[in-house]
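What follows is a single structure, written as C-alpha cells, with notes after it.
Rule-based calculations on the coordinates, nothing more; no lab input. Predicted model only: the values in this text are computed from it and were never measured. Cβ sites come from the backbone with ideal geometry, for glycine too, and all protein chains shown count toward neighbours.
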Amino acid sequence: MIDKLRYIAETIRILRLPLIVFGLLCLSVAAYVIFASTSTERYLIPSFVGVLSAMSTYFFIETFRSAPDKGDETLSFFGRLKRRLHRAWYWIIAVVFLSTMIAAIYVTNKLISIWFRDFGG
C-alpha cells in the first residue's frame, strides 16, 4: 500500500505549485468574506472546501513521495529492522491520512449540501 501511495504522490507531484496557489486563493477569498462586511458570504463555504482539499492533497504529495522502499536482503539485520520501522511509521501515517480523507470528504459533502440548500448553487 505504501508503494502505491508513493507512486500516486510521484505521479501528481507536478500539482504542488498549483495547489499552493489554489489554497492561498481560497484562503484569501475566505479572509475577504470574513473581514469585509459585504454580502459575499455565499462564497465562504466553497472557499473553505477549496482550502481543505488543497491542503490535504498537498500534504499527501509531500508526505508520501519520500516513502522508503521495501527492505532488500543485502541489508544487515539492523538495517532491515530500521527500514521496517520506518515503513511502519508510514503505515501509521497512511491509516491516519486515509481516515482524515474520509472525514474530509464527509465534511465537504455536508458543506456543499448546506451551500446548495442555502444559496441554490
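Structure above, values below:
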read-out	value
Cα extents of the stretch 16-63 along the three principal axes, largest first (Å)	38, 15, 12
Gain upon complete extension [LEU98, LEU81; 0.36 nm per residue less C-alpha separation]	3.6 nm
Nearest-20 debye value, the chain charge dipole, Cβ charges on Lys, Arg, Asp, Glu	320 debye
Pairwise label distance in nanometres, LYS110 with MET55, each label 7 Å out on the Cα-Cβ vector	1.6 nm
Efficiency of FRET from Cβ geometry, ALA31 and ILE8, R₀ 35 Å, rounded to 0.05	0.65
Residue of LEU27, LEU75, LEU17 that the Gaussian network model of the chain assigns the largest fluctuation, springs spanning Cα pairs under 10 Å	LEU75
Sites ALA88 and LEU15 - FRET efficiency at Förster radius 30 Å, r taken between beta-carbons, to 0.05	0.60
Lysines with Cα under 19 Å of LYS70, excluding same-chain neighbours fewer than 8 positions away	LYS4, LYS82
Per-pair calculated FRET efficiency, R0 = 22 Å: MET1 and ASP72 via Cβ, rounded to 0.05	0.70
The stretch 82-121: C-alpha gyration tensor shape, a/c 1.5 cut-off, then a/b vs b/c	prolate
Average projected area [Cα convex hull, the chain], square nanometres	9.1 nm²
